[in-house]
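Since the structure comes first, as structure tokens, the remarks are kept for the end.
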Amino acid sequence: MSMIHHAQASRAAPSEEHHYALGIGFGAYSIPDYPGAEHINQVVSPIPFFQYEGPRLNIANGRLSSFLFNSERLVIDISADGTPPVKSTNNRARDGMPDLDPVVEFGPALEYQLWAFKESLVRLDIPLRYGISTDLRRANGIGWISNPRVKYHFQYNHWRFRAGMGPIFASKAHNNYYYGVENTLSNPLRDAFNGHSGYSGFLYSLGLQKKQGRFKYDAYFRLIDLQESKRQKSPLVDQKRSFLAGAAITWVILDK
């Protein structure tokens, strides 16, 4: 359910030199209101591009990374994710319920390199993000979420491929923001539901990136499986699996 977080396809080792790049791009995304929702949002938006590589810090593809102990095996990141606003009039299951504000999630992530061979890498990524819903006039915390994943990266010439898989865990408050139904909002077609913390689904992801001259092309696909999760019994879940997809093209204006 992300338009923000794109994991890096490969990570450079710490360097004594400084390198940065600036650009602008456009992306198209197909995103459900939340995992399990029937209504799909089709979004086209501009994307600012900024990349920096330095002796102790990297900023690339939406993540801020700090190298520890002069080693590229263990990295601390800032992880970010988010969801678009939800109009309940467009969502059959939420008809008559309040709209949901857009959500921004951010927090630390620990990434450890498990295996490397030539152009292939396998990493363990453990993020922990806190969600904040906001309409730009007020902001409210909605709790914690984590999706530890094993990620595989492969690079061939200008092509980069990535794949990942792992469970999703969320706090009670986080699950109830999307899936809770208060007694006053229940009806004959929508039972009241009070969610719980714990296992909240399983995430599979695929991504592809190509750089050609001043242009960068990205595509990604995600599947979230809600079966056996704390979310699946909510009356706001229309389907047990959710698909997310996106593509973007970026023009790198400055590369120094």
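Things to note:
- Scope segment 41-59; condition in a strand (DSSP E or B) and surrounded by fewer than 15 Cβ atoms within 10 Å (Cβ to Cβ); matching residues: Gln42, Val43, Val44, Ser45, Pro46, Pro48, Phe50, Tyr52, Leu57
- Summed over segment 176-196, the residues that are part of a helix (DSSP H, G or I) and touching a Ser or Thr at 6+ places or on another chain (Cβ under 6 Å) give a count of 1.
- Condition check for Glu119: crowded, with 16+ Cβ neighbours inside 10 Å, of a type in the set (Asp, Glu) and in contact (Cβ under 8 Å) with a residue 24 or more places away in the chain: no
- Taking (1) among the hydrophobic types (A, V, I, L, M, F, W, C); (2) modelled with pLDDT of 95 or more; (3) assigned to a strand (DSSP E or B); (4) in contact with a Leu (Cβ under 7 Å, 6 or more places away or on another chain) in turn, Ala248 satisfies each apart from (4).
- In the set (1) among the hydrophobic types (A, V, I, L, M, F, W, C); (2) modelled with pLDDT under 95; (3) assigned to a strand (DSSP E or B), the condition left unmet by Leu136 is number (3).
- In segment 214-232 there is at least one residue that is at positive phi and not hydrophobic (A, V, I, L, M, F, W, C).
- Picking from residues in segment 60-75 that are surrounded by 15 or more Cβ atoms within 10 Å (Cβ to Cβ) and modelled with pLDDT under 65, the one that is farthest from Ile253 (Cα to Cα) is Phe67.
- Number of residues in segment 115-152 that are touching a His at 6+ places or on another chain (Cβ under 8 Å) and basic (Lys, Arg): the value is 1.
- Unmet criterion (only one of (1) touching a Ser or Thr at 6+ places or on another chain (Cβ under 8 Å); (2) surrounded by fewer than 19 Cβ atoms within 10 Å (Cβ to Cβ); (3) on the phi > 0 side of the Ramachandran plot) for Tyr199: (3)
The values are calculated or read from the model by the stated rules, or taken from the named source; none is laboratory data. Small disclaimer: the values here were computed from a predicted structure and weren't measured. FYI the Cβ positions are ideal-geometry reconstructions off the backbone, even for glycines, and counts take in every protein chain you see.
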